[in-house]
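The values are calculated or read from the model by the stated rules, or taken from the named source; none is laboratory data. Everything quoted here is computed from the prediction, not taken from an experiment. When we count neighbours, we look across all protein chains shown, and the Cβ atoms used for this are built from the backbone with ideal geometry, even at glycine. Each accessible area value is taken on the protein alone, full model and side chains, heavy atoms only, with ligands, DNA and RNA left out. Shrake-Rupley method; radii C 1.70, N 1.55, O 1.52, S 1.80 Å.
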Amino acid sequence: MYALVDCDNCYVSCERVFNPRLEGKAVVVLSNNDGCVVARSPEAKALGVPEGLPFYQLAERFPGKEIHVLSSNYTLYGDMSARVMSLLRASAPDIFIYSIDEAFLTLPESEYVYFNPKTWGETLAAKVKRWTGMPVSIGVAPTKTLAKVASKFAKRYPGYRKCCVIDNDERRKKALSLFPIADVWGIGRRTANRLEAAGIRTALDFTRLSAESVRNAMTITGLRTWMELHGRDCITLDHLPRKQAICTSRSFPKMQTTREELAVPLSSFAARCAAKLRHEHSMAQYVTVFISTNPFRDDLAQSSINHTVALPAPASSDPEITAAALKALDACFREGFQWKRAAVIVSGTVPEDELQTSFLDIPVELKMKHTKLSAVADKVNKRLGDETLLLACAMRATDLETGKATTFRDSILHARRSPFYTTEIRDIIEVL
């Protein structure tokens, strides 16, 4: 049996842990540079606030409504997620962290858990809430896909007491008959549209198709989903889908006009992509840089350019990924434009233990030094905060008031950001 543990409205819940006055209120969290809505509380969803709504449209779309708006605080969210995951890791023999707010667990092998999976799930959810303040919903089932289905029911319906169990055929069929096909894990939007056009509205409708027709229409990936919904375990924790690409992108508070102005944030983006690769024990074969102007400024010349650099051999170190990104920037940059947005994308990922060297790559000794340097940077930044240690090319201009170079997170618009309650000593809550 597997459990899927999902943090309820993760970003909003992180904020509510330290600001209980937000409980029961409509709350939205904005993307970087306070651009658009990326997270909503249930109350905000009930008002009809759509995901992706530009911030400037919020007041005109919902006049007179009390909506609390917060800038994103990814440092806080990441730390709170790590606290939740550490509790889950101590509660199960195996864990696979699927995203910042989701993790798959294998249930402990004991008679108590075997005969009382719901009690185990309710107890775990209560423990996470009590120890971290974060509400979680847990789905328990014999396959990962069914566990995802069960977690949705646990989140939507309070009667489940934060844990829904699908452990027999009767419960499986009932759950699937109520579950929209578009919400099934592994069914993409286009595939869902095709299935709905063919009269397949629910997950149960999908399971009634023949295995042959599913494989012909959706390949082996769709067949695995079909088998999982039938209760046949086909996706092991070690073989969940690996990210094929990792992207870091931002809009700039001010227009960038020179290559040097773009090089600094792009170096930081590249280093962040590299860090994510190392976290997933992966390496990338391609680095793409994308830059674009502001499409809403009709009075300015418009351009959108991207360029991809193929690495001689897969890499994940900061120096190698950043050097490739700057090389791609040189191929992209054009004078005479005011650049508003940029992105670095690393793709063609492979496991780090499957590296094949190339005689065109940098010397092995230098590659090892880059790898060790990046590992040290990861440890320092994890302990002391993002960008405590970074490449010189990613340093920003000196702040005239403090005399220090501004960091990545401080160069982003965040007018409504909450304090770093758990990672900055100056932001620790004082009880008077």
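Tilt of helix 144-156 relative to the longest C-alpha principal axis of the chain, in degrees (0 to 90, nearest 10)?
90 degrees
Treating only the Cβ of Lys, Arg, Asp and Glu as charged (+1, +1, -1, -1), what charge dipole size does the chain show about its Cα centre? Round to the nearest 20 debye.
The dipole of the chain has a size of about 900 debye.
Using P(r) over Cα pairs in 10 Å bins from 0, in percent as the read-out, say which of (1) 4, 19, 28, 25, 16, 6, 1, 0; (2) 4, 17, 25, 28, 19, 6, 1, 0; (3) 5, 22, 32, 25, 12, 4, 1 was calculated from these coordinates.
(2)
Hand me the chymotrypsin sites (Phe, Trp or Tyr not before Pro) from segment 139-231 located in a DSSP loop with no more than 10 other Cβ atoms within 10 Å, in residue order please.
none
By how many degrees, 0 to 90 and rounded to 10, does the Cα axis of helix 259-279 deviate from the longest principal axis of the chain?
30 degrees
From the phi angles alone, apply the Karplus equation (6.51, -1.76, 1.60; θ = phi - 60°) to segment 186-198 and give each ³J(HN,Hα) in whole Hz, x where the residue is Gly or Pro.
Calculated HN-Hα couplings, in order: x, 9, x, 4, 5, 5, 4, 4, 5, 5, 5, 5, 8 Hz.
Would you kindly derive the ³J(HN,Hα) couplings of segment 45-50 from the backbone phi angles with the Karplus curve 6.51 cos²θ - 1.76 cosθ + 1.60 (θ = phi - 60°), listing them in order in whole Hz, with x for Gly and Pro?
Here the 3J(HN,Hα) series is 5, 5, 6, x, 5, x Hz.
Test of understanding: what is the full-extension gain from Arg259 to Arg161, defined as 0.36 nm times their sequence separation minus their Cα-Cα distance?
29.8 nm
How do Phe420, Phe337 rank by accessible surface area computed with a 1.4 Å probe, from largest to smallest?
Largest to smallest exposure gives the sequence Phe337, Phe420.
Please report the carbon-and-sulfur percent of the accessible area for the chain; probe 1.4 Å, protein heavy atoms only, DNA, RNA and ligands left out.
The C+S portion of the solvent-accessible surface of the chain is 54 percent.
Report the one residue of Pro363, Ala301, Pro351 whose Cα lies farthest in the direction of the positive end of the charge dipole of segment 258-364 (charges on C-beta: Lys and Arg +1, Asp and Glu -1; origin at the Cα centre).
Result: Ala301.
How large is the accessible surface per residue of the chain, computed with a 1.4 Å probe and reported in Å² as a whole number?
53 Å²
In segment 1-117, with Lys and Arg counted as +1 and Asp and Glu as -1 at Cβ, which of these residues, Val17, Pro63, Leu105, has the Cα nearest the positive end of the dipole, that is, farthest along it?
With unit charges placed on the Cβ atoms, the residue in question is Pro63.
List the aspartates and glutamates whose alpha-carbon lies under 12 Å from that of Lys379, not counting same-chain residues fewer than 8 positions away?
Of all the aspartates and glutamates, those that pass the test against Lys379 - Cα under 12 Å, at least 8 places apart if same chain - are Glu387.
Check the straight Cα-Cα distances from Lys162 and name the lysines below 26 Å, setting aside those fewer than 8 residues away within the same chain.
Lys25, Lys45, Lys118, Lys127, Lys129, Lys144, Lys148, Lys152, Lys173, Lys174
Please give the peptides 62-69, 81-88 ranked by average Cβ packing (other Cβ atoms within 10 Å per residue), highest first, as a rough proxy for protection.
81-88, 62-69
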